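First comes the structure, then the notes that go with it.
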Amino acid sequence: MGPFPRVFNDARVVSLSHFYHQTFTARDIAALSEHDQALLDASALWSYGRLFAPGDSIVSIAMHIFELVSHPVATNCRNCHQRAGWPRAHMGRTPFAAYQVEPIKDDPGLLANLQPDNPILKGLLLLDFQWALSDRAIPLPPLALAAAS
């Protein structure tokens, strides 16, 4: 049978109510991107030997406060995430926005504690530190924008 499914006979069982969690319905799973579905399926396969299914839950059990920088920018999570805004300057799969990495007049620097009214954020919808929102937001075509105004 190999190493799957994983069995943890001595694992302590803790109620979901002790965590921030979400239990998924079939509709919730169908609404996920194929990438998110693949991540959940891989996790469920590793742990249970089956795909992620309706009735399964995910929980937040930990989070990091400052990353060990694995890129050449002298920064940390907060410094980058406080700049999360939409629209992104580069709508491809690049993990950055132009106002984050390109020199901007009066940019206080990547280690500065930015306030929401900082001029470098002007014209952006601030996303409360959530780059995932910016990564998945799809810009409207120019005609749709004109019709909406």
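Using R₀ = 30 Å, calculate the FRET efficiency as 1/(1 + (r/R₀)^6) where r is the Cβ-Cβ separation of residue 48 and residue 18; round to 0.05. Write down the numbers at each step before the final one.
Numbers: r = 21 Å, r/R0 = 0.69.
My answer for the efficiency is 0.90.
What full-extension length gain, to one decimal in nm, is calculated for residue 8 and residue 129 as 0.36 nm per residue of separation minus the Cα-Cα distance? Difference between extended and current length: 40.0 nm.
Computed from the coordinates by the stated procedures, all read-outs in this text should not be read as laboratory data. What you see is a predicted model, and the numbers here were worked out from it, not measured in a lab. As a convention, Cβ positions derive from the backbone with ideal geometry for all residues, glycine included, and neighbour counts pool all protein chains shown.
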